[in-house]
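Report on one structure; see the data block that follows.
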Amino acid sequence: MDVQRPFGSEKSSLEKRLQIIFHEYNILGNGAVYLPLVSGSLQAHAQTDPVIAENFSFEPFVFYRDHPDRIMERLDMPSVSAFSVSMWNANLSLEIARRTKELSPDSLVVFGGPHVPLDTKEFFAENPFVDVTVRSDGEQTFADMLNRFLETREKKDFRDIAGISYRSPSGEVHFCQDRVLEKDLDVYQSPYMDNGPFDELIKTSDLNFHAILETNRGCPFPCSFCFWGEGVLQSKMRWFSPERVSQVADWIGRQEIEYVYGADANFGMFERDAEMAQIFADTKKKYGYPERFRVCYGKNKPSRVFEVAKILSEADMAKGITLSRQSSDPKTLKNIRRPNIKIETYDELQRRYAKENMPTYTEMILGLPGETYESFLDGLEGVLEGSRIGQLYVYQCQVFPNTQLNDPLYQRKHGIITREFPLQEIHGPAREEGLVEEVEEVEEIVVSTESMPPEVWRKSAVNAWVTQIMHPLQAGLHVSNYLWSEHGVRYVDFYEHIAQRKMDLESAPMITREINDLHDLARRIQEGNTRAQVVLEFGDTTWEPEEASYLRFAKEAPTFYSELFIIAKDFLSANGKKFDEEELREVIKYQEALIPRFPNPGQTTFDFAYNVPEYMANFFDDNKPELSRKKQSLEIVEGKDFGDDKTKYARETILWGRRSNNILYDVIWS
């Protein structure tokens, strides 16, 4: 592969036309992959220009990750190579671009996407094979470049093309003026249309395609960790019309695309979003597709978001509604330029969603500047305390290009230390080195700040994992609800007691062993290792640390709950709490009865000497009964038999159950 091919020596039957190849490497998992929205959008718009249509041929998309040798084998050497670059494909894009330039030095290599730095001087110096980088919207910019490329060819003179940076043949880097962004997004042709760029791809491929959809662009929130609202241009909202969205939805429905990811930054926050949601609900009713429409819900206008979420929930299109906080600490929120809804509003929304049987989930971020050990615990407690919380996800703070969090001055101000480690997609197949890919992608996260030094970050990480095992994954939810309600124990105090190994370690060897492993994992992450975990007997899927721990606890449930009883009993005694040991034992028994077991429930009826089943069933109701010695029975309504399929057990219990808040067995009591 060391022989250079002359510029324009395409193998295509359209030999007089210049070849364009789009590279947008999405993740291929279990036979499913996203359609390459950016590539399709650039092609669809460019083809509306008759000059471009006459002089260029658009080759098949390269749209999923693969070994670079196999990618290169499938390519004719193009005149133009356009790369859409994100965290999960940045290094692979650079490698293919480098090889392409070696084989065809006069070809044009264009990079765009969120992972391409806006300040390009260093990027161009490190990557001499890249000719042009694009900022923000690319449709018209790319079309302008193609027309100019026809005129100047090897001179590559793009000096007055707005919205780009480029390298001249002499090696000089030019930063062109920003492009005035189009307010009416309907001027850009959609790839989701009959006889459009995706039609042939869908007809000739046996892959299960998912779709990404925009109804608007922009974000009014300048959060320090996010690129969505960064800069004046990015913060201004721009829209696709309802008619356009309806046309796209109809095409998606007719193509029987099961899953759509809504790429709006704040879906539900704007008055028109109810109409957008209804369009997709009506489309599903008409065609049966899409089955799911996942969106990023707005960070403001909670009542409006509720109405929009209700439309999708009633159409059975949404698995969960986000009530994100990221942090509850005022200083931290100021540091990251993020507003939050009041905690009282948050609690009221949770009750409102629960009344409508709509699952919710909350997101928090570990490692934000200004967050301390105590404020992080307080923030968790504020989310958990007395609430009907559906799911809680605690994410490690990622660092992305073009964000304030990536600014060296900002990092120095807040004492931010980051670490890069190999990117491993959670809930995807574990990557086997050398088997599929040669190029490794990386993820960068915050591993300490001035307010959260390295050892405190490690402790906080383990607190977060244990909290998620016990509460959102519900391995100890009912136990901690009981401790909170009957004995005034803060949720995070009990979880910290376990996470920081304050219990009698010899009395709980299995739990202690798992907690030791989590502390070791926190240290290894700070050294540059991935957090992704594989529990081999449950398949080769990667899991979050708390999910992997849950699987190990679940397969040894009797031992886990025997040890948890001892820990809870000793915790109450050490804190001077008077308690009924038999009552506590019954609460542990109830908790264990509801945990899905492998391969099947086994025992399906349980007798209680206390009214624990009634108490727990009505825990959040105003008429919650007092705990008392009163015989009751509990019955598992429907317990699945997974046979020998532990992979299915893990997938349905955690991957599906967590987002829909449907992990535990359904039970009735009498």
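For the reader, a short list of remarks on this structure follows.
- A residue that is in contact with a strand residue (DSSP E or B) (Cβ under 8 Å, 6 or more places away or on another chain), under 21 Å from residue 400 (Cα atoms) and open to solvent by less than 50 Å² (accessible area, probe 1.4 Å) occurs nowhere in region 311-322.
- Residue in region 30-39 that is at pLDDT 95 or above, part of a helix (DSSP H, G or I), more than 20 Å from residue 206 (Cβ to Cβ) and open to solvent by 10 Å² or more (accessible area, probe 1.4 Å) present: yes
Per-residue answers, yes or no, for (1) of a type in the set (A, V, I, L, M); (2) within 19 Å of residue 263 (Cβ to Cβ):
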position: 19; (1), (2): no, no
position: 31; (1), (2): no, no
position: 50; (1), (2): no, no
position: 55; (1), (2): no, no
position: 66; (1), (2): no, no
position: 87; (1), (2): yes, yes
position: 97; (1), (2): yes, no
position: 101; (1), (2): no, no
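- Residue check: residue 172 meets all listed conditions (1) open to solvent by 40 Å² or more (accessible area, probe 1.4 Å); (2) in contact with a strand residue (DSSP E or B) (Cβ under 9 Å, 6 or more places away or on another chain) but one, namely (2).
- Here the condition is being surrounded by 14 or more Cβ atoms within 10 Å (Cβ to Cβ), among the aliphatic types (A, V, I, L, M) and under 24 Å from residue 494 (Cβ atoms); of 511, 525, it holds for 511 alone.
- One residue stands out in region 622-646 among those that are among the charged types (D, E, K, R) and under 21 Å from residue 586 (Cα atoms): the one that is most open to solvent (accessible area, probe 1.4 Å), namely 631.
- Failed condition for residue 597, given (1) among the basic types (Lys, Arg); (2) crowded, with 20+ Cβ neighbours inside 10 Å; (3) within 19 Å of residue 485 (Cβ to Cβ): (3)
- Conditions (1) open to solvent by 40 Å² or more (accessible area, probe 1.4 Å); (2) basic (Lys, Arg); (3) closer than 30 Å to residue 327 by Cα: number failed by residue 148: (3)
- Cβ-Cβ contacts under 8 Å between residues 6 or more apart (or on different chains), taken from a first residue in region 629-656 that is more than 8 Å from residue 599 (Cα to Cα) to a second residue that is part of a loop (DSSP other than H, G, I, E, B) and acidic (Asp, Glu), are listed as 636/666; 637/666; 638/666.
- Among the conditions (1) out of contact with any Leu (no Cβ under 8 Å at 6 or more places or on another chain); (2) surrounded by fewer than 18 Cβ atoms within 10 Å (Cβ to Cβ); (3) more than 30 Å from residue 410 (Cα to Cα), residue 237 misses just one, which is (3).
- Single residue of region 186-197 satisfying the filter (in contact with a Phe, Trp or Tyr (Cβ under 7 Å, 6 or more places away or on another chain) and under 25 Å from residue 27 (Cα atoms)) that is most open to solvent (accessible area, probe 1.4 Å): 193
The values are calculated or read from the model by the stated rules, or taken from the named source; none is laboratory data. These numbers were taken from a predicted model, which means no experiment stands behind them. All Cβ positions, even for glycine, are placed from backbone atoms using ideal geometry, and neighbour counts span all protein chains on display. When the accessible area is computed, the model is the full protein with side chains, heavy atoms only, and any ligands, DNA or RNA have been set aside. Shrake-Rupley method; radii C 1.70, N 1.55, O 1.52, S 1.80 Å.
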